Amino acid sequence: MNNKEIELSIVVPMYNEAENIENTINLINNSMKEFALPWELIFVNDGSTDNSLELAKKCEEKSHNLHIVSYPKNHGRGRALRKGFENAKGKYIVTIDFDLSYSPDHILRIYNELADPAQMNDLVLGSAYMKGGKALGVNAFRLFISRFGNKILEFAFPRRFKTTTCILRGYRREVLEALDLQSDQKEIHLEILSKVCALGYSVKEIPATLTSRKKGSSKFRFKRTAFTHILFSLFEKPIIFFGLFGFLLTLGGFLIGLYVVWLRYAGTLHTDRPLIPLMILLLIMGSQFFSFAFIASQNNYLRNELYRLHRRINQLNTCNKGSDDHAL
């Protein structure tokens, strides 16, 4: 099959999913029965330590559109997605989790949003937390952590997204080709969204239904996920977090200064009290945090400008290549 003929690539990271392989293939195939255009299903084996790869290979031999991408060592979801993107041949690319916590019915819904020429969407996000979305049977603690984390991450982006960490997404190929992705872990979802916003691509969220895993064990790691997401928020919007902290320190110093003036005119100021040194310390620390927030924000602005320049260079290279091919 010619690469250009493939309309849709479905990329699914796989790590120790032996219990789900046949069921996942069957459910995705059933959901794609009405899709008349050529499509492919890509399983990316992220260094599974069970017999997932062997079972997937056997299924690949019997399927015309299933392709297995594999490497020996486990690196994380980010590496798996990047490998899947590299090997995908479709005009549009949809990613979904292997256990199908989001049912495969979402795949064509996302594709339709991408392929509709009237909408011109570059990236489509599936969201269980927006109006119309649902979360059914999910562990209450994990659901709370996920909702709370996504609520905080809303402030890290220039646009308000209800869900920023979900794997259920769809992309136009040109969008992924314009991004220089680096993440190996789950923070790749944040990296993609950050760079897409910086480059001015259009993003749409659609409601989705999240259900609990039926087989296999969850790959969710709370401590690492929370830590990386906090770091991302600080990196993306330093003016909010460090600027707010600097404001509170400066305000504290200012209030102490007013209190010192009041004590001075009331005749009750004692030189043995450390109010004045504390005031000076708070004002200096506040100004330092303000300065850091400003410099970090300027760095983010320059970073986004580099992203846009990189995109423009890629577009020019593509145009030049097309002109050369046409001349030949």
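Here are a few things to note about the model shown:
- Listed by Cβ neighbour count within 10 Å, with the fewest neighbours leading, W39, W262 appear as W262, W39.
- Given K89/K162; K62/K204; K33/K57; K58/K83; K33/K91, the pairs whose alpha carbons are separated by over 25 Å: K89/K162; K62/K204
- Applying 1/(1 + (r/R0)^6) with R0 = 25 Å to the Cβ-Cβ distance of N299 and R160 gives a FRET efficiency near 0.60.
- For T95, T49, T163, T209, order by how many other beta-carbon atoms lie within 10 Å, fewest first: T49, T209, T163, T95
- Residue list for the stretch 146-181, given a label point 7 angstrom along the Cα-to-Cβ vector of S212 and an amide N cut-off under 16 Å: 146
- Ordered by the number of other Cβ atoms lying within 10 Å of each residue's own Cβ, fewest first, V175, V138, V11 fall into the sequence V138, V175, V11.
- Global geometry of the stretch 3-234, whether rounded, prolate or oblate, following the gyration tensor of its Cα atoms and the 1.5 cut on a/c: rounded
- Of all aspartates and glutamates in the structure, the ones whose alpha carbon falls short of 16 Å from that of K134, not counting any fewer than 8 places away in one chain, are D105, E205.
No value in this document is a laboratory result; all are computed from the given coordinates. Please read these numbers as outputs of a predicted model, since none were measured by experiment. Every residue, glycine among them, receives a Cβ derived from its backbone with ideal geometry; neighbour counts consider all protein chains shown.
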